[in-house]
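Accompanying notes for the structure given below.
The values are calculated or read from the model by the stated rules, or taken from the named source; none is laboratory data. None of the values given here were measured: they were computed from a predicted structure. Cβ atoms come from the backbone with ideal geometry, glycine included; neighbour counts cover every protein chain shown.
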Amino acid sequence: MTGIGSGVEDGLREQARALGFGLFGITKAAPSDHASFYRDWVAAGRHGTMGYLARSDAVSRRADLRATMEDVRSVVVVGHEYHRTDRSEWVDDPARAVVARYARGEDYHDVIRAKLSQLLDWLDGSVPGGVRGRAYVDTGPILERELARRAGLGWFGRNTMLINPGIGSYFLLGTLLVDADLRPDEPFESDLCGSCSACLEACPTGALLGRDEDGAPVMDARRCISYLTIELRGSIPAELRPAIGGRVFGCDICQEVCPWSKKFGPRQELQPEYEARAWPADRTGEPPLPALDGPDLVEFAERLLAMSGREYRRVFAASPLERPGRSGMLRNLCVGLGNLGATSPEAAARVRPVLARAARDRSELVREHAEWGLRACCHDPKSGGADR
């Protein structure tokens, strides 16, 4: 369709704000400026086992949105904030399981997609002849951060996150592809990281590689804790396990040390959908699982060990934790338990029984990481964890 006239963009912005989107911008559906970088990144194998990122059709669709939606004219980009300030009594407690901030409540895919659907309905009803569109929330072959930068939402930080100068980086992106000519916002052209390298220095696994010769931030996903604990389906490399600590799902370290997020993150209003919640038990009479804001590692592992894979999927169906499945989460917990057990003889005595139980689990993946955890409990933590 053709242009839609003036004023609609302002109304759309107001609707987005009413739906809880703290960030909003519009850009034209032009071909990607980062396609060659993306192809080089994939060719270097830095996507790890995420084969869906390397498929030829997925690469071409990321290069040009018209391969996804032939008549796309504009892209609406929104940001949904999720920051929370963790309680001081457990933030540095190795006996606590650390779940990334965005993943302690409802699944952001479902939350943002539903809101984008409402936004599209409003736009469709506000334009004579209607508007066609498609909503994507980290699920389609789309370079969301590039579109967000072009829509004026922020710049690419050294930690590869999109950083907004007013709120930091604790927000999730959603995109709405539409067949309407909307007035675009000015792109964000500045790089406000300056000489700061706090995120590179803080990453415990060395996943952040700095910027390339063109200034683009580079990450080796194969070393990223978020990849290792969520996307990786197999065994976590033994040499990286001690560095994971108690982070059992995702990682916020590169955001926690960022001066922009440290300054503005605490000012954000946590969206209610991302409030930490106690997920229900599957069996009648059982108490709910502990809320995901720092649950006890041992207790959390014991509860998951008692579940079947089907029960796990039923309990966490509306949670980001559904993605790694029971075996993946127990793999992560066994690594956390092993790292906890290496901190002191008292901690080792506490985690050994649950690791011994996990070492008899029906999942080979769980058994292998439980056996590593048991070895870590017998190892001098000063020398770097379990024997390789």
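Observations on the model:
- Taking the criterion of being modelled with pLDDT under 95 and in contact with a strand residue (DSSP E or B) (Cβ under 7 Å, 6 or more places away or on another chain), the residues of region 74-97 that qualify are Glu81, Tyr82, Trp90.
- Test: residue in region 353-371 that is crowded, with 24+ Cβ neighbours inside 10 Å, out of contact with any Lys or Arg (no Cβ under 9 Å at 6 or more places or on another chain) and assigned to a helix (DSSP H, G or I): yes
- Taken together, the residues in region 143-173 that are surrounded by fewer than 23 Cβ atoms within 10 Å (Cβ to Cβ) and β-branched (Val, Ile, Thr) amount to 2.
- Lone unmet requirement of (1) part of a helix (DSSP H, G or I); (2) of a type in the set (Phe, Trp, Tyr); (3) farther than 23 Å from Ala243 by Cβ for Phe300: (3)
- When Ala306, Ala238, Ala301 are checked against the criterion of being in the same structural domain as Gly373 (by TED's automatic domain parsing), free of Cβ contacts under 8 Å to residues at least 24 places away in the same chain and under 19 Å from Leu355 (Cβ atoms), a single residue qualifies: Ala306.
- Residue match in region 116-132 (condition: farther than 20 Å from Gly20 by Cα and either of a type in the set (Val, Ile, Thr) or buried (at least 23 other Cβ atoms within 10 Å of the Cβ) (or both)): yes
- If the condition is being within 25 Å of Cys196 (Cβ to Cβ) and either polar (S, T, N, Q) or surrounded by fewer than 18 Cβ atoms within 10 Å (Cβ to Cβ) (or both), then region 217-239 contributes Val218, Ser226.
- Just one residue in the set Ala63, Ala58, Ala29 is within 22 Å of the chain's Cα centre (by Cα), assigned by TED's automatic domain parsing to the domain that holds Val137 and surrounded by 14 or more Cβ atoms within 10 Å (Cβ to Cβ); that residue is Ala58.
- Thr205 being over 15 Å from Cys258 (Cβ atoms) and polar (S, T, N, Q): yes
- Pair list, Cβ under 6 Å, 6 or more apart: region 85-110 residue in contact (Cβ under 8 Å) with a residue 24 or more places away in the chain, other residue of a type in the set (Val, Ile, Thr): Pro94/Thr343; Ala97/Val248; His109/Val137
- Restricting region 260-278 to residues that are assigned to a loop (DSSP other than H, G, I, E, B) and either modelled with pLDDT of 80 or more or polar (S, T, N, Q) (or both), the residue that is nearest to Ser169 (Cα to Cα): Gln268
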